[in-house]
Structures are given as C-alpha cells and as structure tokens.
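Just so you know, all these numbers are worked out from the coordinates, no wet-lab data involved. On a predicted model such as this, the values are computed, not experimentally measured, just so you know. So basically every Cβ, Gly included, is an ideal-geometry build from the backbone, and we count neighbours across all protein chains shown.
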C-alpha cells in the first residue's frame, strides 16, 4: 500500500480534485496547513502598520491506496498543481502498512 502526500497552493486544490476525479480517485484526505520554504512568507499591511507573515497557507492532500494506482495519482497531482513558480509545493510517496478498517477493528 502506498501513501501519496502533496502539499500545494490552496488555489490549485480544485484543478487537482477535478483531475483525480477523471482518473477515478475520490477517496482523499484534505487538510489546511501553513508553512514556508523558499517563499519565506510575505509582508502585509494591517491598520496602517506593516507586518510579516512567515507562514503561507497551503493544502495537504493525502491518498492511501494500491501501489499500482500511486503513479497515476502523484502524476495527476503534479500536473494539476504545477504553475512553474516558487511555492508550487511538494509530493511525497511512502510505503505504508494497512492496519484495519474501523468497522472491523473490534
């Protein structure tokens, strides 16, 4: 079993979900997260005073599934998330061991 985890720009979530739906993937976990890499946050103006926001809002997408589908999933995410600019995000693939469905656990 493989876990595909992607941390991407919030604005790219809808195109990613549409692309995944096209290839038959509809079981995901999506979380709002914050972080920074080479972007190093950005400056804002609040009530006339400048301040720095060190963390940029991002979205984490997690998919767990069969090893044979993992390649299609990460490629679909990469294709839909990529803008060519700094801060597009990252994709991670991990091997995971399946425990049990909660209905069957006890």
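Please give the FRET efficiency for residue 102 paired with residue 11, using the beta carbon to beta carbon distance and R0 = 41 Å, rounded to the nearest 0.05.
Working from the Cβ atoms, E equals 0.80.
Please list the equivalent ellipsoid semi-axes of the range 49-92, computed as the square roots of five times the alpha-carbon gyration tensor eigenvalues, in descending order and whole angstrom.
Ellipsoid semi-axes (Å, largest first): 30, 12, 6.
Give me the Å³ per residue figure for the convex hull around the C-alpha atoms of the range 2-97.
Working: hull volume 10.1 nm³, N = 96.
Convex hull of Cα atoms, per residue: 106 Å³.
Which order, highest average first, do 65-75, 87-97 follow once you tally other Cβ atoms within 10 Å for each residue and take the mean per peptide?
In descending order of packing, they fall as 65-75, 87-97.
If each residue of separation counts as 0.36 nm, what is the full-extension length gain between residue 88 and residue 72 once their alpha-carbon separation is subtracted? Please list the in-between numbers first.
On the way: separation 16, 0.36 × 16 = 5.76 nm, distance 1.90 nm.
Value of the extension gain: 3.9 nm.
Relative contact order of the range 2-97, please, whole-number percent, based on alpha carbon pairs below 8 angstrom and at least 6 residues apart.
Once normalised by length, the contact order is 50 percent.
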